[in-house]
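Chemist: I have a structure here, written as structure tokens, and I will follow up with some questions on it.
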Amino acid sequence: MFELMPFGKRREDAFGQLMKSFHDAFNDAFPDDVFAPFKGSMMSFKTDVKETEHAYLVEAELPGFRKEDIEISYADPYLTIKAVRKEDQSVEDTNQHMVRKERRYGEYVRRFYVQNIAEDQIDASLKDGVLKLEIPKKPDPGKKRIQIRDDI
């Protein structure tokens, strides 16, 4: 029920474009997906998903993110976790000459296909760079037994 769904990147890095072009050119020559290890998104994060009788438990590694940087949304049937990094860091010497300046910007997104959940009861917490979600399942109405009449 809880499945990973591919989510296209808004922009690909140069290596990703090169691998895509290479894969497209030789797709007919290699029937198996030889390049599967190179398809992973560089703008993604590791996620563990567990299922219990009453809920799905999700743990996502998001080190260095604050809760204000993370957006969790559910639009039936997709649960989306998005973390946006906007960071400037600079180091200067005593003469005020620029030694190093680094900027890291990026949007990290994971999207999951999940149905029959109580979306208004999803609980989320962030501690030590690990986002934890508890996603309750909707109660199973169970099977209804149909009685067979004797009067026909």
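Chemist: Name the pairs whose Cβ atoms lie under 9 Å apart, with the first residue in segment 123-152 and assigned to a loop (DSSP other than H, G, I, E, B), the second open to solvent by less than 60 Å² (accessible area, probe 1.4 Å) and among the small types (Gly, Ala, Ser), and 6 or more positions between them or separate chains?
Modeler: Lys138/Ala118; Pro139/Ala118
This table checks each residue for (1) under 30 Å from Pro139 (Cβ atoms); (2) surrounded by 11 or more Cβ atoms within 10 Å (Cβ to Cβ); (3) modelled with pLDDT of 95 or more.
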position	(1), (2), (3)
Lys86	no, no, no
Ser90	no, no, no
Met98	no, no, no
Glu102	no, no, no
Val109	no, yes, no
Ile117	yes, yes, no
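Chemist: Moving on to the next point. For segment 47-90, enumerate the residues that are hydrophobic (A, V, I, L, M, F, W, C) and either in contact with a Ser or Thr (Cβ under 8 Å, 6 or more places away or on another chain) or free of Cβ contacts under 8 Å to residues at least 12 places away in the same chain (or both).
Modeler: Scanning segment 47-90 gives Val58, Ala60, Ile72, Ala75, Leu79, Ile81.
Chemist: Starting from segment 106-122, take each residue that is more than 10 Å from Asp76 (Cβ to Cβ) and among the basic types (Lys, Arg) and list its partners that are open to solvent by 50 Å² or more (accessible area, probe 1.4 Å) and assigned to a strand (DSSP E or B), counting only C-beta distances under 7 angstrom and pairs at least six apart or across chains.
Modeler: These pairs meet every condition: Arg111/Tyr78.
The values are calculated or read from the model by the stated rules, or taken from the named source; none is laboratory data. Keep in mind that what you see is a predicted model, and the values were worked out from it rather than measured. Cβ: placed from backbone, ideal geometry, glycine included. Neighbour counts: every protein chain shown. What goes into the accessible areas is simple: the full protein's heavy atoms, side chains included, and nothing from ligands, DNA or RNA. Shrake-Rupley method; radii C 1.70, N 1.55, O 1.52, S 1.80 Å.
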